[in-house]
Ligand SMILES: [Zn+2]
């Protein structure tokens with residue numbers, strides 16, 4: 001305090017305590033509202049760095065110490081282009097939000113949503129755009145606990161025609177590879193099928209997309225699966 005006071009006084013002559021206080025208050029205020037630096041892990045250059053960035057973000061989410069959404073947005077820069085380091089297929093469930101779960105700001109994640117996180121044709125095409133055009137390093141097939149689509153697949157595995165509208169066509173894609181592997185009443189049937197369905201998504205993406213398969217083979221892309229536990233927020237990788 002005295003050094004600053006002397007310094008100001010020596011340059012500008014006498015200065016009143018009130019003015020000095022105002023100068024300090026302005027300095028403190030500008031520090032408090034300065035833009036928060038983007039965490040270093042938020043611009044990964046490799047698939048493994050991308051995985052680490054997401055898992056570090058999930059740890060912040062679980063601890064409720066999130067930082068990504070406090071970053072002062074450069075909207076003009078965001079509007080000029082995008083280079084999301086990871087893509088996610090997530091369920092449409094309102095409780096699942098990758099940007100929040102992985103604590104990532106706008107522009108970092110390329111997200112496709114469909115009930116049951118099933119890789120539909122449109123979803124695969126979207127991911128191909130992310131990989132081939134935007135340079136995405138990682139694809140995450142993101143399942144979650146208490147998934148209604150997976151639950152429907154287990155409950156109606158013998159006859160989906162009772163479901164309304166187009167739901168049978170969607171739910172059928174969970175049944176044959178996964179829902180038939182459990183007995184509907186066995187313990188943890190839902191959790192088992194959720195994990196199976198997420199893991200199966202990885203196989204499907206690589207099997208059905210030459211673009212994704214080639215990027216994985218070249219080492220520029222990894223495709224992983226995982227499940228978010230809604231109660232704890234923890235995202236656990238189930239296949240990598
Ligand atoms: Zn779901």
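When a/c reaches 1.5 or more, the comparison of a/b and b/c decides; with that in mind, is the range 113-217 rounded, prolate or oblate per its Cα gyration tensor? Prolate is the answer for the range 113-217, as a/c is 1.5 or above and a/b outweighs b/c.
When both the range 204-240 and the range 77-140 are represented by their alpha-carbon centers, they are found 12 Å apart.
In terms of overall dimensions, the C-alpha atoms belonging to the range 40-239 reach 51, 38, 29 Å along their principal axes, ordered largest to smallest.
Here, each number is a calculation from the coordinates, and none is a lab measurement. Being a predicted model, the structure only gives us computed values, none of them experimental.
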